[in-house]
Amino acid sequence: MKTFNIFIFTVLCCLAVVFSACEEKEKEEGKGVIFIEPQKKNISASGGTFNVKVVANKAWTANSDKEWLTIKPASGEGNVPAVVINVTANPSTAQDTAEVRFSIAEKSLLLTVIRAGKVEPKMEGEFSVSDTQKVRFSRGNLQYNAKNNVWRFAECQYDYIGKDNENISADYDGWIDLFGWGTSGYNGKNPWMTSKENVDYGDGLQDIAGTNYDWGVYNAISNGGNQSGMWRTLTKEEWLYLFVSRHNAANNYSVATVNGIHGLIVLPDDSTHPGTWAFTAKANNWTTNNYTEAKWIQMQDSGAVFLPAASDRYGIKFSTSGIYGRYWSSSMYSHREYAYFCFFGEYLEECFLEPNHSLPRSYGFSVRLVQDVK
């Protein structure tokens, strides 16, 4: 074994000499050489500046594909120890990416700059989920990009992905928002899972409440504080308390249509109507409560939550959206293949919390996270 290790070390040394000689030969023959450091940079939503080191043996230029990023100097001759990259603040809650191409005549290198989305204030409305605990909801459903391993909240409450969830894969460079139960990414339970075997999901033994299988506990949400442990999923008991046990619960939710999107409106504990909109509780159709975007903004500013009827996914097959909504709880059913979820739809006056044996943990449902009010 010792002899083998000496052999490997000798080979690596020889290769290093060969590569070095080739580089020197390129320089002697007038071929271009360019190197930059770093080649990838993450920056906060508030923007900022950082330096890039350029090593080159020829004149070079640098160009960005985004207007929110500037370069100074944008060209040079040979080595420059500190090219200044300036990134402006992100006005959106969505993360975005810029590419800066450093080029000489023969070749180019890319610097990738990832700018975080701005963190919106928490939803103003407070919702009792037990006798002693209130929560605030995130501003949109949870979404995931597999290629970049990025989690985010939808930019507005009625946004959802829909049929594009069928593109789900480990390297899909798009967004999905229908997840199997407990697929936070912890312990191999990844958000792109499409297995139809129910025991593949969560940990198979206990609730995911308070564990790393909970999406909000385990993950940093890019436009939700960008730190793990800031969010969580409601338990079955908390969903039930919200719709059944809290004060005036029956008068504070209904299916509705917002900006043309079907879903469920939930009003906060201290809900007050601004007078420019009316609300009928526990309607059994999408049309009784029908709001324009402008009216919905008024309701949202008063603390209202909207859960879009984003349907579900089984394997890679997406069901028709706008008919019903299914949102995971963090509670497993006593039978280890099932978990409880919030279910609503047209013609249903009430929301149900059920394991519903025909739709077990392998189905992809929506996820809306909450933060505890301290």
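The values are calculated or read from the model by the stated rules, or taken from the named source; none is laboratory data. None of these values were measured; they are calculated from a predicted model. With ideal geometry, Cβ positions are generated from the backbone for all residues, glycine too; neighbour counts draw on all protein chains shown.
Pick from the range 142-176 the residues that are of a type outside the set (S, T, N, Q) and in contact with a Lys or Arg (Cβ under 6 Å, 6 or more places away or on another chain): which of them is surrounded by the fewest Cβ atoms within 10 Å (Cβ to Cβ)? Write out each step before concluding.
Looking only at the range 142-176, we keep the residues that are of a type outside the set (S, T, N, Q), and these are 142, 144, 146-147, 150-156, 158-164, 166, 168, 170-176.
Right, trim to in contact with a Lys or Arg (Cβ under 6 Å, 6 or more places away or on another chain) and you get 153, 171, 173.
Numbers: Phe153: 27, Asp171: 7, Asp173: 10.
Checked the range 142-176; the qualifying residue surrounded by the fewest Cβ atoms within 10 Å (Cβ to Cβ) is Asp171.
Per-residue answers, yes or no, for (1) in contact with a strand residue (DSSP E or B) (Cβ under 8 Å, 6 or more places away or on another chain); (2) not in a helix (DSSP H, G or I):
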residue: Gly216; (1), (2): yes, no
residue: Gly224; (1), (2): yes, yes
residue: Gly229; (1), (2): no, yes
residue: Leu234; (1), (2): yes, yes
residue: Glu237; (1), (2): yes, no
residue: Tyr241; (1), (2): yes, no
residue: Val244; (1), (2): no, no
residue: Ala256; (1), (2): yes, yes
residue: Ile265; (1), (2): yes, yes
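Check off (1) farther than 21 Å from Phe352 by Cβ; (2) surrounded by 16 or more Cβ atoms within 10 Å (Cβ to Cβ) for Ala283 and give me the number that stays unchecked.
(1)
Provide a single number: the residues in the range 282-307 that are part of a loop (DSSP other than H, G, I, E, B) and among the aliphatic types (A, V, I, L, M).
Initial filter on the range 282-307 (part of a loop (DSSP other than H, G, I, E, B)): 282-289, 292, 302-304.
Imposing the further condition that a residue be among the aliphatic types (A, V, I, L, M) reduces the set to 283, 304.
Of the residues in the range 282-307, 2 are part of a loop (DSSP other than H, G, I, E, B) and among the aliphatic types (A, V, I, L, M).
Of all residues being aliphatic (A, V, I, L, M) and either free of Cβ contacts under 8 Å to residues at least 40 places away in the same chain or in a loop (DSSP other than H, G, I, E, B) (or both) in the range 177-203, which is surrounded by the fewest Cβ atoms within 10 Å (Cβ to Cβ)? Just the residue, please. Reasoning before the result, please.
Of the range 177-203, the ones aliphatic (A, V, I, L, M) are 178, 193, 199.
Retained after the next criterion (residues that are either free of Cβ contacts under 8 Å to residues at least 40 places away in the same chain or in a loop (DSSP other than H, G, I, E, B) (or both)): 178, 193.
Values: Leu178: 29, Met193: 21.
Step by step, filter the range 177-203, then rank; the result is Met193.
Tell me which residues, restricted to the range 283-298, are touching a strand residue (DSSP E or B) at 6+ places or on another chain (Cβ under 7 Å) and either of a type in the set (A, V, I, L, M) or not assigned by TED's automatic domain parsing to the domain that holds Thr235 (or both).
Result: Ala283, single match.
Residue by residue through the range 299-318, note down the ones that are over 30 Å from Pro360 (Cα atoms) and either surrounded by fewer than 17 Cβ atoms within 10 Å (Cβ to Cβ) or not assigned by TED's automatic domain parsing to the domain that holds Asn356 (or both).
Looking only at the range 299-318, we keep the residues that are over 30 Å from Pro360 (Cα atoms), and these are 299-303.
The answer is Asp301, and nothing else.
Determine which single condition Leu359 fails, assuming it passes every other condition in (1) in contact (Cβ under 8 Å) with a residue 60 or more places away in the chain; (2) out of contact with any helix residue (DSSP H, G or I) (no Cβ under 7 Å at 6 or more places or on another chain).
The one condition Leu359 does not meet is (1).
Could you tell me how many of the residues in the range 52-78 are under 30 Å from the mean Cα position of the chain (by Cα), in a strand (DSSP E or B) and over 20 Å from Val33 (Cα atoms)?
4
Being over 18 Å from Ala310 (Cα atoms) and of a type in the set (D, E, K, R) is true for just one of Asp177, Asp164, Asp173. Which residue is that? Write out each step before concluding.
Numbers: Asp177 fails: over 18 Å from Ala310 (Cα atoms); Asp164 fails: over 18 Å from Ala310 (Cα atoms).
Going through Asp177, Asp164, Asp173 in turn, just one is over 18 Å from Ala310 (Cα atoms) and of a type in the set (D, E, K, R): Asp173.
Restricting to the range 37-64, name every residue that is surrounded by 12 or more Cβ atoms within 10 Å (Cβ to Cβ), of a type outside the set (Gly, Ala, Ser) and under 22 Å from Glu106 (Cα atoms).
Within the range 37-64, Pro38, Gln39, Val52, Lys53, Val54, Val55, Asn57, Lys58, Trp60, Thr61, Asn63 qualify.
Hey, among the residues in the range 224-251 that are polar (S, T, N, Q) and under 21 Å from Ala310 (Cα atoms), which one's surrounded by the fewest Cβ atoms within 10 Å (Cβ to Cβ)?
Across the range 224-251, the extreme among qualifying residues is Thr235.
Mind telling me which of the residues Gly345, Gly325 ends up being under 20 Å from the mean Cα position of the chain (by Cα) and either under 25 Å from Asn289 (Cα atoms) or in the same structural domain as Phe179 (by TED's automatic domain parsing) (or both)? Steps first, answer last, please.
On the way: Gly345 fails: under 20 Å from the mean Cα position of the chain (by Cα).
It is Gly325.
Output the strands (runs of 3 or more DSSP E) that fall wholly within the range 79-154 and possess 3 or more residues being over 30 Å from Val305 (Cα atoms), or say none. Break it down stepwise before answering.
Working: elements: 80-87, 96-103, 108-115, 134-137, 142-145, 150-153.
Filter on the range 79-154 gives 80-87, 96-103, 108-115.
Tally time: how many residues in the range 215-233 are in contact (Cβ under 8 Å) with a residue 40 or more places away in the chain and among the β-branched types (Val, Ile, Thr)? Show your work before the answer.
Of the range 215-233, the ones in contact (Cβ under 8 Å) with a residue 40 or more places away in the chain are 215-216, 219-226, 230-233.
From what's left, among the β-branched types (Val, Ile, Thr): 221, 233.
So the count comes out to 2.
Among the β-branched types (Val, Ile, Thr), in the same structural domain as Gly315 (by TED's automatic domain parsing) and within 30 Å of Asp301 (Cβ to Cβ) - does that describe any residue in the range 198-209?
Kept after step one, since they are among the β-branched types (Val, Ile, Thr), are these residues of the range 198-209: 199, 208.
Next, from what is left, pick out any that are in the same structural domain as Gly315 (by TED's automatic domain parsing): 199, 208.
Pick out the ones that are also within 30 Å of Asp301 (Cβ to Cβ) and you get none.
No.
Can you tell me how many residues in the range 205-223 are under 15 Å from Asn145 (Cα atoms) and surrounded by fewer than 18 Cβ atoms within 10 Å (Cβ to Cβ)?
Residues of the range 205-223 under 15 Å from Asn145 (Cα atoms): 215, 219-223.
Within this subset, residues satisfying the condition of being surrounded by fewer than 18 Cβ atoms within 10 Å (Cβ to Cβ) are 220.
Counting residues in the range 205-223 that are under 15 Å from Asn145 (Cα atoms) and surrounded by fewer than 18 Cβ atoms within 10 Å (Cβ to Cβ) gives 1.
Within the range 265-280, take every residue that is surrounded by 19 or more Cβ atoms within 10 Å (Cβ to Cβ) and not aromatic (Phe, Trp, Tyr) and give me the one that is farthest from Arg246 (Cα to Cα). Give the steps one after another, and end with the answer.
Taking the range 265-280 as the starting set, the residues that turn out to be surrounded by 19 or more Cβ atoms within 10 Å (Cβ to Cβ) are 265-268, 279.
Keeping just the survivors that are not aromatic (Phe, Trp, Tyr) gives 265-268.
Working: Ile265: 16, Val266: 12, Leu267: 12, Pro268: 10 Å.
Checking each candidate, the answer is Ile265.
Report, by residue number, each residue of the range 317-359 that is farther than 19 Å from Val255 by Cβ, outside any strand (DSSP E or B) and modelled with pLDDT of 90 or more.
Passing the criteria: Tyr333, Tyr338.
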